[in-house]
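A short worksheet on the structure shown next.
The values are calculated or read from the model by the stated rules, or taken from the named source; none is laboratory data. The model shown is predicted, which means the values in this text are computed figures rather than measured ones. Virtual Cβ from ideal backbone geometry, glycine too; neighbours counted across all protein chains shown.
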Amino acid sequence: MGGYRVYESVRGEIYRLARKTVSKEERRRSGFVDRLVTEYMAIPGSNRTLDAATLADETDWLDAGCRTYFPESEALVQVLWRSRMDVTLEDLDLPSFPRAFAAAWPDCEVDGSGLAGCLAWWGRAADRLESMRKFGSRYMGGPARAIGGFEDPEQLALHVSYRGSEKMMGLSPTLRCSVPSKHLRACLASDEGFRTSLGMYRSPELVGAMDLTEAEVKQQYVVVRSLIHLMVYLKARPEAVREGWPDGRNQRDLAPVWLKSPRPSVVTCPGLERDSPSAHWRTWHFRTYPTKRDGTKRTGLVSVRGTMVNAELKEPRTVELVEWKGE
């Protein structure tokens, strides 16, 4: 869509199916998509699917204004992929992000896998219960049960959802990943660390879940790692974010017709040529402060100085230290 792989929502899939049987006049009526979600959630067993969990994330995304980040070029995506990052979810100052937000990627491959536009939702167990309560009250007439949980209810987790490209019976499956903060470093280190740290959704109450193929696991690793690297960059370089659509594109190009008021943000990299995928940062590294002997550590994130290779730096800037006021 417009040279980008935007987040393909569960709502969008339901809307696409409804277009075959519902008139254009009916589709234009206020609240039409909400009614579709209500009808979907009335189907027996639908509340125990990954689609339901993702629909709840989408509800928070819609309520927060549908923030979507657009990295401006493939070169920036590749730079971020190669950067070394030693962080936890707590280091990202997550309250500065919307509870749910989307990432739309330039149409490209990273490490041999195609990126997919994705939706991110972050929070603790209590946040998740509140999100499901709100979703159930709005679309089911009662509370919805959260799918998946973690040993520590206070532990932060990042949930990432996107639509698979391989259709089954004409439908695109939902691929979803939940990353607790304690596993983040292992998940960023390698696809093998990602695979062994997270496992699969195997709850006996979960309806319709299937194991991922090897290619799908690899793609999920690429999508999640690219997203987290993008989030670190957003925290380290807030001045590189500008409101609006990518150059030469607009809402009609990059948003579904049913999404009325999206909030797009373009993520730039000053000096990085748009058509120079070979340009890269050498020794760009983000990490936290070391833990002291008494078990405490200073909050904040250290950005190690980097050097741009094969790119003309018109306005070079170095981010040496980023600190924020948080817990």
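Residue-level analysis places T54 among those that are of a type in the set (V, I, T), in a helix (DSSP H, G or I), buried (at least 22 other Cβ atoms within 10 Å of the Cβ) and in contact with a helix residue (DSSP H, G or I) (Cβ under 7 Å, 6 or more places away or on another chain). Among residues of region 179-191 that are outside any helix (DSSP H, G or I), those with a beta-carbon under 6 Å from a residue that is surrounded by fewer than 20 Cβ atoms within 10 Å (Cβ to Cβ) and not aliphatic (A, V, I, L, M) at least six positions away or on a different chain give the pairs P180/F150; P180/Q155. For region 3-23, the count of residues that are surrounded by fewer than 20 Cβ atoms within 10 Å (Cβ to Cβ), more than 22 Å from V160 (Cα to Cα), in contact (Cβ under 8 Å) with a residue 24 or more places away in the chain and hydroxyl-bearing (S, T, Y) is zero. For region 61-93, the set of residues classified as more than 13 Å from the chain's Cα centre (by Cα) and closer than 30 Å to E130 by Cα consists of L62, D63, A64, G65, V87, T88, L89, E90, D91, L92, D93, listed by residue number. For A42, the conditions (1) surrounded by 15 or more Cβ atoms within 10 Å (Cβ to Cβ); (2) modelled with pLDDT of 90 or more all hold with the exception of (1). I need the full set of residues from region 1-39 which are under 30 Å from V77 (Cβ atoms) and part of a loop (DSSP other than H, G, I, E, B), in order please. Hits for region 1-39 are M1, G2, G3, V6, E8, S9. Screening L156, L89, L94 for residues that are more than 23 Å from G45 (Cβ to Cβ), touching an Asp or Glu at 6+ places or on another chain (Cβ under 8 Å) and either of a type in the set (A, V, I, L, M) or surrounded by 15 or more Cβ atoms within 10 Å (Cβ to Cβ) (or both) leaves exactly one candidate, L156. Name the residues in region 236-269 that are exposed (fewer than 15 other Cβ atoms within 10 Å of the Cβ) and over 21 Å from A64 (Cβ atoms), would you? Across region 236-269, the qualifying residues are E239, D247, G248, N250, R252, D253.
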